[in-house]
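Values in this text are rule-based calculations from the coordinates and carry no lab data. Model, not experiment: these values are computed from the prediction. Positions of Cβ are backbone-derived with ideal geometry, glycine not excepted, and every protein chain shown enters the neighbour counts.
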Amino acid sequence: MINADEQGARYDDAVAQYGPAIERLARAYEFDPYERRDLIQDIHVALWRSFRNFDGRCSVGTWTWRVAHNVAASHALRRKRLRPRLASLEELSEAPGEDDPETSAGDRQVLDRLNALIQALKPPDRQVMMLYLEDLPAAEIAEITGLSPGAVAVKIHRLKALLARRFHQGGSE
C-alpha cells in the first residue's frame with residue numbers, strides 16, 4: 001500500500017493528463033448537466049481512491065480509463081433503473097445553458113446528435129467508441145476492455161459504420 005501523498009500525486013498527474021477526456025466521457029454517458037457534474041465527481045472520487053491500490057502493472061492511462069468507464073457504466077445502469085425525473089417550467093427556464101465558446105450552435109447540435117447516438121449504444125460498445133474517439137490505439141483499448149486488439153478493430157469498424165448510418169438517417173434505425 002502507498003501513502004496518501006503518493007496517492008494524491010498519482011491522482012493529480014492522472015487528472016492533469018486525462019481530466020478533459022473524463023469530462024468528454026461523462027458527456028457521452030450523461031446529457032443532464034447536473035447529473036453529469038455528479039458523474040464527473042464520482043469518477044474523480046473513484047479515481048483518487050483507486051490509486052491507493054495501483055501497482056503499476058498497467059499504464060496510468062489504462063488504469064484511469066478503466067476506473068472512469070466502470071464508474072460511468074455503473075452510473076448508466078443506475079439511471080436506467082430509475083424513472084425519468086420530470087422538471088417544472090421554472091426549473092427548465094432556470095437551467096443554465098452549456099457555455100462552450102469553442103463550438104458554434106450548429107456544431108453543438110451535431111455533437112449532441114452524435115453523443116445521443118453513442119449514448120444509445122450498449123455500454124461495452126460505448127466504451128470502445130469513446131476510447132477510440134480519444135485516439136487510443138487498439139492495443140490499449142484491448143487492454144482496458146479485455147478484448148483482443150483484432151476484436152477491437154472489428155468492433156470500431158462496425159460501430160463507425162452503424163453510427164454513420166444512424167446519423168445520416170436522423171438517428172433512427
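Each part gets one Cα centre, and for segment 47-72 versus segment 123-173 those centres are 21 Å apart.
Net charge within 12 Å of A46 by Cβ-Cβ distance, Lys/Arg positive one each and Asp/Glu negative one each, not counting A46 itself? List each step's numbers first, then the result.
Details: positive: R49, R52, R66; negative: D42.
Around A46, the charge tally is +2.
Output the peptides 124-133, 160-169, 111-120 sorted from most to least packed, where packing is the average of other Cβ atoms within 10 Å over each peptide's residues.
Working: 124-133: 20.3, 160-169: 12.5, 111-120: 15.3.
Per-residue mean Cβ counts within 10 Å order the peptides as 124-133, 111-120, 160-169.
Counted by Cβ distance under 11 Å from I144, the other residues give a net charge of -2, where Lys and Arg count +1 and Asp and Glu count -1. Multiplying the residue separation of L162 and A16 by 0.36 nm and removing their Cα-Cα distance gives an extension gain of 49.2 nm. Against the compact-protein benchmark of 2.2 N^0.38 Å, the Cα-based radius of gyration of segment 104-173 scales to 1.15.
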